[in-house]
1. Determine ³J(HN,Hα), in whole Hz, for all residues of the stretch 85-100 in sequence, where each value follows from phi through the Karplus function 6.51 cos²θ - 1.76 cosθ + 1.60 and θ = phi - 60°; x replaces Gly and Pro.
2. Which order do the peptides 74-86, 181-193 take when ranked by the mean count of other beta-carbon atoms within 10 Å per residue, highest first?
3. What are the ³J(HN,Hα) couplings of the stretch 159-171, residue after residue, when phi is run through the Karplus curve with 6.51, -1.76, 1.60 and θ = phi - 60°? Round to Hz, x for glycine and proline.
4. Could you calculate the contour length gain from Ala114 to Val153, that is, 0.36 nm times the residue separation minus the distance between their Cα atoms, to one decimal place in nm?
5. Highest mean first, what order results for 120-132, 91-103 on Cβ atoms within 10 Å?
6. Along the positive direction of the dipole of the stretch 112-201 (beta-carbon charges: Lys, Arg +1; Asp, Glu -1; about the Cα centre), which of Phe189, Ser157, Gly125 reaches farthest?
7. Rounded to the nearest 0.05, what FRET efficiency is calculated for Gln190 and His162 with R0 set to 35 Å and r the Cβ-Cβ distance?
8. How much length is gained on full extension from Asp79 to Thr133, taking 0.36 nm per residue of separation minus their Cα-Cα distance?
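A short reminder: the numbers here are calculations on the coordinates, not readings from a lab. Since we're looking at a predicted model, the values are computed, not measured. All Cβ positions, even for glycine, are placed from backbone atoms using ideal geometry, and neighbour counts span all protein chains on display.
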Amino acid sequence: MNLTAIRYTDMRLEPFRFISVVFTISLLIFFSGCFGGGGIGDYTETVDIQLNDNDGWQAFIKNQTDKAQVYFYRLLSADPTDKIKDEAFTGLGWCALRKGTLDEAIGFFRSIKAMDVDSKVGLAGALTKKGGTANFKEAIAQLESLGLSDPKVDLKSSRELHYTSDNLHGLLGILYIINGQREKGLQQFQITLTRKNLNSYLKTRLPAVIDFFTTSI
C-alpha cells in the first residue's frame, strides 16, 4: 500500500482541510519557536521591582510571565518616556500572547508608537492566532513591513525572543495562500527552503506542499 500516494490523493480531494492542517502546523512551529521552553511559569513571589525594562525581558525569557508583567506594568506607572512606554507595551503584548489573551495582546501592541521588529512579529502572531480575514490581512501587512520579500533578510530579536526568519517566511507563505495570493505564498515557501537552519519538519514536508499548490489548485 502506497501511503504517500494516499496522503497526496487526500490533499487533492480536500484542499481546504489540507490548508488548515498546514496552517495549524505552521502556527505550532512559529509559536513554539517564539516562546521557547514550556508553560507560562510559576512565579508567585512578591519582590521589590526596580524600574529596569531588561529585568522584565529576563523574566519573560525564563518563562516567569507573571513576574515579567509586574515589571512592565511598573514601567508604565513611573511617568515613562515614549520609548519606555513602547518597551513596556511590547513586553505586555508578548506576555498576553503567551497567555492566550489575544485581544489584550493586540491592544498592547497597537498602543506602541514606534513599532520595531519584535512588536510587529508579536502583533502578527496575535492577529494570526485570533484568526479571521481582516486579522490575517493585517498580519500580512505587519510581516511584509519587515522586508520578508527579500530572501537574504535575516531577522533577529533584539530581546532574545526565539523566532527565526524561517518561522516568519513560512507563516507569511501560509497567510498568503489563505488570502488567495498563491504565487506570493509559493515564493515564501521557496525562500524558506533556502534557509540554512530550516526546521527539520518543514524541510521534509515543504516540497510536497509546494508541489500541491503548484499543480493542484
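1. 4, 4, 5, 5, 5, 4, x, 5, x, 5, 4, 5, 4, 4, 7, x
2. Details: 74-86: 13.7, 181-193: 18.2.
By packing density, highest mean first, the sequence is 181-193, 74-86.
3. Once rounded to whole Hz, the list reads 10, 6, 6, 9, 8, 10, 4, 4, 3, 6, 4, x, 5.
4. Values: separation 39, 0.36 × 39 = 14.04 nm, distance 2.09 nm.
Contour length minus the Cα-Cα distance gives 12.0 nm.
5. Working: 120-132: 22.5, 91-103: 20.5.
My ranking of the peptides, most packed first, is 120-132, 91-103.
6. Ranked along the dipole, the leading option is Gly125.
7. E(calc), rounded to 0.05, equals 0.90.
8. 15.7 nm
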